[in-house]
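Data first, discussion second: the structure below is written as structure tokens.
The values are calculated or read from the model by the stated rules, or taken from the named source; none is laboratory data. Just so you know, these numbers come straight off a predicted model, no measurement behind them. No Cβ is skipped: glycine too gets one built from the backbone with ideal geometry, and neighbour counts run over all protein chains shown.
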Amino acid sequence: MNILAYLIPISLCLGGLGLAFFVYTVRTNQYDDPEGDAHRILSGDYDKSPRN
Amino acid sequence: MTAALRQSLSACPACTATPLADAVAAQTHVPEASITLSLPTIHCAACISKVETGLNRHPGVVSARVNLTLKRVQIEATPNTSEEALAAYVETLGYEAHELDADALSATATDKAGRELLMRLAVAGFASMNVMLLSVAVWSGATDATRDLFHWISAAISLPAIAFAGQPFFRNAWSALRVRRLNMDVPITLAILLALGTSLWETALSGHHAYFDAALTLTFFLLAGRYLDHRTRAVARSAAEELTALEVPRATRLKDGVEEQVTLAELSVGDLILVRPGGRMPVDGIIAEGISELDRSLLTGETLPVTAEPGQSVSAGEVNLTGPLTLRASAVGRDTSLHRMADLVAIAESGRSRYTSLAEQAAKLYAPGVHILSALAFVGWYVATFDMRTALNIAAAVLIITCPCALGLAVPAVTTAASGRLFRKGLLIKHETALERLAEVDTIIFDKTGTLTTGALEVLNAESLPKKEFSLAMGLAQGSSHPLAKAIVTAGQSAGIRPAELTGVEEVPGYGTRAHWNGQEVRLGRAHWTGGVPGDQTATFLKAGDGPVRRIEFKDQLRPDAKDSIGALHQAGYQIHLLSGDSTPAVQALAGQLGITQWDAEALPADKAHLVQSMAQKGQRVLMIGDGLNDTAALRAAHVSISPASALDAARVASDIVLLGSDLNPISVACTTARAATRRIRENFAIATLYNVIAVPLAIAGLATPLIAALAMSSSSITVSLNALRLKSR
């Protein structure tokens, strides 16, 4: 059962990473224009980040 | 949005979209003006890049970003760039563009509450997944030290997660308890806290059952319900705000003979204000110069334009029709009659505040019920066993199992589905209980002008006019933007008549148009100017040389499908009533045309509200549909109210639902959808109760395990959500 000592922290870290990433996407306004983002992927222009 | 944009710009100056924009920003170093334009026609990737690259090429633009979801473009411009210029520039790119008033949009600028909820939802989701993982290990047979370890880890995750994610419930529960009331959040908070408390105690004593996962999933599901609820209302709110923002509150002030554009807030009593034809009076005032006609329909419901001459007083909200007018302001801002009327309405008790929502009704029954049940279970077990620990565990289990997971989702899941469906049909549900109230309606009162009619006019006696004279009338009408003149041109075009070739067409504001034709003077206009006899119908007169004076009559143009919609509502069993401030013959004619038997004409705003109130006292549930300021009091007094998007701002604010398109068909769709939605909500309550009826005896008997609690909770929440989705597919 000693393997648990590694596995549990690892699983928590991975989950936490996902959460941190989600928090980052919310903070950088990535859910403000879902429809526009879906279309922007089709355009050839270089688009750095959603800013509004 | 504005603030966020500014922030990100200043935080990362290098992130500006194009090199050109960078260069401009670097050169100027002045604070930029933030401009928002509404672009109702954009729909694809090509539109986005065309608008953005086009705007970025404009010298006055620092950066531009399109939001396709909101159909807006956000522009950072140099301070001396005007909104009108940019809107006109976007029009040249081939897209319809309207200026939006930044102040009216500010409320939805940053959806802070939504973001906060989303963040809490994410934390609750993350924590509940991890704790569930550990719980599954415990349920499938982890024992002794391993089980204790898992419980301790679960506690370490749950406590901070719930402390963060559960705050909305704790806050609501506290504010309800402080005024000695119970709401849905009180049992929720108690269940979460009790579950955490007993689980912690159990863990410390290395007990078998811990409810950490239940407390977290409960928080997660309830937050999901709250978030759905919030999204639905945020979408409706931002669309409603956009309607308001489209009316940019600006006026042209004359100062020492020079015109300047100012905001309404800057106007003061005694200012000279210029109102061009087609413009709305920004203030109450007295006409100092100019002759024109005024459209008062939004204020009084009258369709007939009235003459405006120097010395006459005008009220804010009236529309100037023919000639430019110069006003001397006598009341501005909050003192205008428009605002005073709107304020009066705000004081009146509204239908919506009298209504207790289904969720509140359920909470009233439910909250005391579970508390008593759980307390009884505690007392019962304590008396039977004298074991505090067992008694507390069972009380907690009862609270958790009855906890309104499904109840919390029952209403928002349905309203989200229904509002989404109606939004696509062109209806904006502004108020949270609007659908429930709409479902109870049995009487519908329509306003006439602007609601059943479009506010535009059509020629009534086009056939009886000789073709030659009609073509003369058309030629004259082309020289004016008066609604009657426009109606004549439209009627002529649809009848295939060509306008006569006239020379020297001249509009005489307040009277009509005149021109020369074959050496004779021809006139189209008011009765006494052309030598006609005025009647009670809306009419204009044509005089061609020495020929007889021809009378051209008009009536309000019905909205497309008005007849079908009224028919459909009649058939659905609603009582229909027509209520207008317009003259009796006009209302009578329209009522006859639509087959409405109950009608009232020449009703003052107070009469309208009185009628609605007296109907309410007789027990009728009234749906009021109106657009003018004279309807606002009635809109507020009604059980539920709808106004078209073309309505005055005050009327839209007073109503629960806004009709976006130009036809009336969505109203009957809304009524059926509202009924279906209320049925779903009741079904959802029944489903939630059924789960409780099965699970509660188990909990009271002490047979409930965390596994049973988790199963009951998730399956009831999922059933309720799926039931709500049935509404969307139909």
Item to check | Out of B:513, B:530, sole residue that is out of contact with any helix residue (DSSP H, G or I) (no Cβ under 9 Å at 6 or more places or on another chain), among the β-branched types (Val, Ile, Thr) and not assigned by TED's automatic domain parsing to the domain that holds residue B:299 | outcome: B:530
Next on the checklist: With the requirement that a residue be facing chain A (nearest Cβ under 10 Å) and surrounded by fewer than 20 Cβ atoms within 10 Å (Cβ to Cβ), what does the range B:60-69 give you?
Outcome noted: B:69
Checklist entry - Just one of the numbered conditions (1) of a type outside the set (A, V, I, L, M, F, W, C); (2) farther than 19 Å from residue B:245 by Cβ; (3) out of contact with any Ser or Thr (no Cβ under 9 Å at 6 or more places or on another chain); (4) within 11 Å of another protein chain (Cβ to nearest Cβ) is not true of residue B:89; which one? => result (4)
Checklist entry - Mind checking whether some residue in the range B:39-50 is surrounded by 23 or more Cβ atoms within 10 Å (Cβ to Cβ), part of a helix (DSSP H, G or I) and β-branched (Val, Ile, Thr)? => result yes
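Report yes if some residue within the range B:157-171 is assigned to a helix (DSSP H, G or I), more than 14 Å from chain A (Cβ to nearest Cβ), in contact (Cβ under 8 Å) with a residue 60 or more places away in the chain and small (Gly, Ala, Ser); otherwise report no. If you could, list the steps in order and put the result at the bottom.
Within the range B:157-171, the first condition is being assigned to a helix (DSSP H, G or I), and the residues that meet it are B:157-165, B:167-171.
With more than 14 Å from chain A (Cβ to nearest Cβ) added as a condition, the list becomes B:159, B:162-163, B:167-171.
Right, trim to in contact (Cβ under 8 Å) with a residue 60 or more places away in the chain and you get none.
The answer is no; no qualifying residue exists.
Yes or no: the range B:534-553 includes at least one residue that is outside the structural domain of residue B:484 (by TED's automatic domain parsing), touching a residue at least 60 places away in the same chain (Cβ under 8 Å) and not aliphatic (A, V, I, L, M).
Taking the range B:534-553 and keeping what is outside the structural domain of residue B:484 (by TED's automatic domain parsing), we get none.
The answer is no; no qualifying residue exists.
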Checklist entry - Quick check: anything in the range B:478-487 touching a strand residue (DSSP E or B) at 6+ places or on another chain (Cβ under 9 Å), crowded, with 22+ Cβ neighbours inside 10 Å, in a strand (DSSP E or B) and modelled with pLDDT of 80 or more? => result no
Checklist outcome for this item: Scanning the range A:29-47 residue by residue, the ones that are more than 7 Å from chain B (Cβ to nearest Cβ) and more than 10 Å from the chain's Cα centre (by Cα) total 7
Checklist entry - Which condition number does residue B:183 fail, the rest of (1) outside any helix (DSSP H, G or I); (2) modelled with pLDDT of 90 or more being met? => result (2)
Checklist outcome for this item: For residue B:423, the lone unmet condition from (1) surrounded by 23 or more Cβ atoms within 10 Å (Cβ to Cβ); (2) assigned to a helix (DSSP H, G or I) is (1)
Item to check | Answer from B:490, B:503, B:513 - the residue that is β-branched (Val, Ile, Thr) and surrounded by 21 or more Cβ atoms within 10 Å (Cβ to Cβ) | outcome: B:513
Next on the checklist: Which residue is surrounded by the most Cβ atoms within 10 Å (Cβ to Cβ), if the candidates are limited to the range B:696-714 and must be part of a helix (DSSP H, G or I) and at pLDDT 85 or above?
Outcome noted: B:699
Checklist entry - Among the listed residues B:57, B:72, which satisfies the condition of being over 24 Å from residue B:265 (Cα atoms) and facing chain A (nearest Cβ under 10 Å)? => result B:72
Next on the checklist: Filter the range B:542-585 down to the residues that are on the phi > 0 side of the Ramachandran plot and at pLDDT 85 or above and list them by number.
Outcome noted: B:573
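For (1) buried (at least 18 other Cβ atoms within 10 Å of the Cβ); (2) in contact with a Lys or Arg (Cβ under 8 Å, 6 or more places away or on another chain); (3) not assigned by TED's automatic domain parsing to the domain that holds residue B:570, each residue gets a yes or a no:
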| position | (1), (2), (3) |
| --- | --- |
| B:657 | yes, yes, no |
| B:664 | yes, yes, no |
| B:668 | yes, no, no |
| B:671 | yes, no, no |
| B:681 | yes, no, yes |
| B:685 | yes, no, yes |
| B:688 | yes, no, yes |
